[in-house]
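The values are calculated or read from the model by the stated rules, or taken from the named source; none is laboratory data. Since the structure is predicted, the reported quantities are computational estimates derived from the model, not experimental observations. All Cβ positions, even for glycine, are placed from backbone atoms using ideal geometry, and neighbour counts span all protein chains on display.
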């Protein structure tokens, strides 16, 4: 399997995905054929990040705060 398809068929949840290392990790997963749920606190920034990651077919923006019990699974 080539490294460009290493994540094919997989979905990863990336927290902090609207900025810095989170968006970099999400971008790499998408580049390797995967999909991401991009989590973070800023709805607008997440939606922009998801669009930059090839749109809703590859990335889903999920706003929330991981420290807030209401947002924890």
(message) I need the full set of residues from the stretch 5-17 which are within 24 Å of residue 71 (Cα to Cα) and part of a loop (DSSP other than H, G, I, E, B), in order please.
(response) 10, 16, 17
(message) Can you confirm whether residue 50 is surrounded by 12 or more Cβ atoms within 10 Å (Cβ to Cβ) and touching a helix residue (DSSP H, G or I) at 6+ places or on another chain (Cβ under 8 Å)?
(response) no
(message) Every residue in the stretch 61-73 that is surrounded by fewer than 17 Cβ atoms within 10 Å (Cβ to Cβ) and touching a residue at least 24 places away in the same chain (Cβ under 8 Å), please.
(response) 63, 64, 65, 66
(message) Please go through the stretch 18-57 and give me each residue that is assigned to a loop (DSSP other than H, G, I, E, B), within 23 Å of residue 5 (Cβ to Cβ) and modelled with pLDDT under 90, ordered by number.
(response) 53, 54, 55, 56, 57
